[in-house]
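Each reported figure results from applying straightforward, stated rules to the coordinates on display, with no laboratory input. Small disclaimer: the values here were computed from a predicted structure and weren't measured. Counting neighbours? That spans all protein chains shown, and the Cβs are built from the backbone with ideal geometry, glycine included.
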């Protein structure tokens, strides 16, 4: 069966900035692809191309079998988009927002109203349905935005950083909604900066950096690639660091790493909290006093460090993928002049 | 969040309208949304009203006595007859600001992206916006006319002529809201849109026959003032309201003011709607 979303070699430049540098991906029907990457990596630009908001310079894409560049309006009736910034009208009520979207999907007024009520119920917004969206909390707005993307029960959905800026409780609630959608057979392309989110929701993950897909696989495969969990210990006394390293090597899967001046030891492990408890007991038995200890799971930054040799630069970037401004110059991305224009 | 099954995929595929019916339907939905917004933010409508009302009062009482209209005795009650067509026309051109600020805000809030991802006609976001502005302009004109009548302005050529004048004013206002649409799509922030929408209106409305007779201006400026699209509508309204004092200036655009007013407005609508829709299609957001 043809993939529900397919992109081949998408290229998009904004001035000197190559926002997409040959992105190819495919999402089989009924599955979730997580597009993982830092700000400015090209995630949002990819979504904008696939949702007909942006014309690529070259490349081709199909959504639900329909060519995005040739038949954009047919694609629009098959997709739902929920953006990074909650795109609802602040001065309309929740109900009016959803009704408007339904009517613009060309539903009859009565059907649009009925669907709006159904969605408000589903997203626990019934009580707030006659309040203007300006009075909604961040989480409520995000739910309304997602509801707006679901008005026609689209077979293919694009969620651009659906939980960025949400508190943990709202994030969890939104995850549950998304999981329900997927159970019902929706094909989903999800962008996120959080490995945890991709891990929980996506069947498959594509790591994007500098407008390219630099790794592709399941969450487990990616984690295996970057070495899984580690334990980090900061030893109190410098003269006991060597003994601590010796104690830890019994649990280590690989070579322990030592930062001398901070007295920080990092060792790759497997077994999670149980190993952590063992390590603490062992250090205690040897009377090695510690300032800090913890189990670190791989983060997006680790994925990047391991895949690209540079950090995500998430702190320095702004603008949600509309293009990355001047690079640090340390990365090795080479852009062959005149390639595929 | 309630049970999942009733939300399963595969709802009825909505019917696709085509051509003009689609544009009308979608524009109406968007216009409805913009009109609702106006009732939720009445400040915008109220401040939109205050400015012209203030102009009527200031011009007629403060400056009216000093401005001499040729062929008349100087007095504030003659000046208000001369002035009102200009104030009406200036008021409708302020529709630029509403459209530019509204569209720039929709762009910055991501609403334009929402609209562009929906299977709706491309022009209807802008048509809906300009139609809503037209309603607001009509409302403003009604209130302004009442205020003007209270301070002594009078219609002399009957109801239908006056209605014709208001028609020309609305057409001009509609044309100017398309200029606003283009500005809103071109600037980066709603704040910039408001000033970019207004700043050029002052020379446009002042280098015209709106507030003082063109004959009082230096010669080189007179040509600009006479051919100013704004002047045509002002002159046409003066004719239709019966507010013209003395003979109409003997230059072609003033002698054919009604025709020029319609032509100018239609030309502006044609050019700016085309530019705006084109810009909207390619808007990178």
Checklist entry - If one takes the longest principal axis of the Cα atoms in chain B, at what angle in degrees, from 0 to 90 and to the nearest 10, does the Cα axis of helix B:124-150 lie? => result 30
Checklist outcome for this item: For the residue A:117, residue A:221 Cβ pair and Förster radius 51 Å, calculated FRET efficiency rounded to 0.05 is 0.75
Checklist outcome for this item: per DSSP, antiparallel bridges as share of beta bridges in the protein assembly as shown, % nearest 5, sits at 65
Checklist entry - Top mean-square fluctuation among B:20, B:125, B:62, Gaussian network model of chain B, C-alpha springs under 10 Å? => result B:20
Checklist outcome for this item: For the stretch B:182-256 the mean separation of alpha carbon contacts under 8 Å (6+ apart) over residue count, i.e. relative contact order in percent, is 22
Item to check | Whether the stretch B:200-285 is rounded, prolate or oblate, judged on the alpha carbon gyration tensor where a/c under 1.5 counts as rounded | outcome: prolate
Checklist entry - Classify chain A: rounded, prolate or oblate, from the alpha-carbon gyration tensor (a ≥ b ≥ c, eigenvalue square roots; a/c under 1.5 rounded; otherwise prolate if a/b is larger than b/c)? => result prolate
Item to check | Potential lengthening between residue A:134 and residue A:71 on full extension [0.36 nm per residue; Cα-Cα distance subtracted] | outcome: 19.2 nm
Item to check | the protein assembly as shown - mean residue ellipticity at 222 nm from DSSP helices (-39,500 (n - 2.57) per run, n ≥ 4, rounded to 500) | outcome: -16000 deg cm²/dmol
Item to check | residue B:200 paired with residue A:127, simple spin-label distance in nm, labels 7 Å along Cα-to-beta-carbon | outcome: 5.1
Checklist entry - Given R₀ = 45 Å, FRET efficiency for residue B:45-residue A:242 by Cβ-Cβ distance, to 0.05? => result 0.05
Next on the checklist: Averaged over its residues, how many other protein chain Cβ atoms are within 10 Å of peptide A:110-120's Cβ atoms?
Outcome noted: 1
Checklist entry - Comparing B:191, B:105, B:43, which has the greatest mean-square fluctuation in the GNM of chain B with Cα pairs linked when under 10 Å apart? => result B:43
Checklist entry - On a 0 to 90 degree scale, rounded to 10, what angle separates helix B:158-186 from the longest Cα axis of chain B? => result 50
Item to check | Model label zone, residue B:28; criterion: amide N under 20 Å from point 7 Å along Cα-to-beta-carbon; scope the stretch A:83-105 | outcome: A:96-105
Checklist entry - What residue among A:246, A:112, A:206 shows peak mean-square fluctuation when chain A is described by a Gaussian network model with Cα springs under 10 Å? => result A:246
Item to check | the stretch B:120-137 and the stretch A:1-75: distance between their alpha carbon centers, rounded to Å | outcome: 31
Next on the checklist: What does the C-alpha gyration tensor say about the overall shape of the protein assembly as shown? Classify as rounded when a/c is under 1.5, otherwise prolate if a/b is larger than b/c, or oblate.
Outcome noted: prolate
Checklist outcome for this item: Rounded to the nearest Å, the spacing of the alpha-carbon centers of the stretch B:141-160 and the stretch A:99-178 is 48
Item to check | Percent RCO, i.e. relative contact order, over the stretch A:5-224, from Cα pairs under 8 Å lying at least 6 residues apart | outcome: 30
Checklist entry - To the nearest 10 degrees, how steep is helix A:138-149 against the longest Cα principal axis of chain A, on a 0 to 90 scale? => result 50
Item to check | Computed over chain B: relative contact order in percent, which uses C-alpha pairs under 8 Å that are six or more apart | outcome: 25
Checklist entry - Using the alpha-carbon centroid of each, what span in Å lies between the stretch B:172-233 and the stretch A:247-304? => result 71
